[in-house]
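Novice: Structure provided below as structure tokens; questions to follow.
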Amino acid sequence: MGSVKDAMFKALAKRSAKSEDKPAAVRAAQLIKRFGGSVSDAAKAVGRSSKTLKAWSEGKSSPRADSNDALNRANREALVPQGRRERLLKSASDDNMELTSNDMDWTIRRPDGVGKPGGGLVLHAMIKVSDEERERKVNLGEWLSEGHMEDLLQAFMDGDEEAMRGVFVEGLDVYFHEAELGDVINVQFSPLDYGDQ
């Protein structure tokens, strides 16, 4: 079974998280290619000089740990463009859900005039509800707030697997009220579509 990080990579970047394990020369060259061959734009994304990024891409030097993290982050940001991230955030807009309370329990519901959405974030994982752990596919899309979606995307950009898992657990708690997340098999993203409102 796969990790949360690998499932998120496949869902958002359309590749394996193992791409971050490739030599720095390969990752630096890929980043330059993603910026249309512009070494200066790629270097700006990493926060290092053009000379340094070029040396990495040619295998003449290797990045230190903090620079290696910056290189991986720049590649993640290039693979999941800002426009796509904004569409995913917009689809999770809190305008499409209302939180209500009856003194005993909280409920999330759609405001009047907002229909059931299509699309969303589907989590395919081993999930334990009550005492039963089994493989489940759960559309968390409409159960994740805009803040949750923002946290999930930020955790992906930061490469923070524990934070990604934490957002999924919070979403599952809203969906099932009490659940445990086991191995993550797959994650699918598509912006929620509420149709014409």
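Since every read-out is calculated from the coordinates, none of them should be taken as a lab result. Remember, predicted model here, so these are calculated numbers, not experimental data. Virtual Cβ from ideal backbone geometry, glycine too; neighbours counted across all protein chains shown.
Novice: Per-residue counts of other Cβ atoms within 10 Å, averaged by peptide: what ranking do you get for 21-29, 59-67, highest first?
Specialist: Most protected by this proxy first, the peptides run 21-29, 59-67.
Novice: Please list, or write none, the lysines whose alpha carbon is within less than 28 Å of the alpha carbon of residue 60, excluding same-chain residues fewer than 8 places away.
Specialist: 18, 22, 33, 44, 51
Novice: Treating each Cα of the range 129-175 as an identical point scatterer and ignoring solvent, apply the Debye formula and state log10 I(q)/I(0) at q = 0.17, 0.19, 0.28, 0.30 Å⁻¹.
Specialist: Cα-only, vacuum Debye calculation for the range 129-175: -0.52, -0.63, -1.05, -1.11.
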